[in-house]
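The structure appears below as structure tokens.
The values are calculated or read from the model by the stated rules, or taken from the named source; none is laboratory data. Just so we're clear, the structure is a prediction, and the values are computed from it rather than from any experiment. All Cβ positions, glycine included, derive from the backbone under ideal geometry; neighbour counts span all protein chains shown. Ligands, DNA and RNA are stripped out before the accessible areas are found, and what is left, the full protein with its side chains, is counted by its heavy atoms. Shrake-Rupley method; radii C 1.70, N 1.55, O 1.52, S 1.80 Å.
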Amino acid sequence: MTVPVSELQKLAPSAIIELFEIHLVTAIHGANTVFRFHSGTNAINNGNIVWAGNTYTAFPIEATGFEYNGNGQLPRPKLVVSNILRYVTSLLFVVNDTSPG
């Protein structure tokens, strides 16, 4: 997805920008932390987005499968995340408290 910086600065931009948050809870994960991402990573625009006072880091992430069909079946969303520099692997070690070695 290519989103020019000028498009982000418009009052009524035409592009849809998806923002993602992962919330860790102290009672479950031992930390009260929020990770924020946006999927606008490419060779031209790889900067962070600040919205509502929160910084969303550019990171290859995509969510699909959010649909409503009206027949009672729940959707099966799919989240695809790049594991660039093993960032997601290290996050999972923190969440599951199963650090290697």
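When only residues in the stretch 64-101 that are open to solvent by 70 Å² or more (accessible area, probe 1.4 Å) and among the aromatic types (Phe, Trp, Tyr) count, which is modelled with the lowest pLDDT?
68
Among the numbered conditions (1) at pLDDT below 80; (2) of a type in the set (A, V, I, L, M, F, W, C); (3) in a loop (DSSP other than H, G, I, E, B), tell me where residue 28 comes up short.
(3)
Has the stretch 7-19 got at least one residue that is modelled with pLDDT under 80, of a type in the set (Asp, Glu) and either open to solvent by less than 60 Å² (accessible area, probe 1.4 Å) or in contact with a strand residue (DSSP E or B) (Cβ under 8 Å, 6 or more places away or on another chain) (or both)?
yes
Please name all residue pairs, on different chains or six or more residues apart, with Cβ atoms under 8 Å, provided the first residue is in the stretch 74-91 and is touching a residue at least 60 places away in the same chain (Cβ under 8 Å) and the second residue is open to solvent by less than 70 Å² (accessible area, probe 1.4 Å).
Listed by first residue and then by second, the contacts come to 91/22; 91/35.
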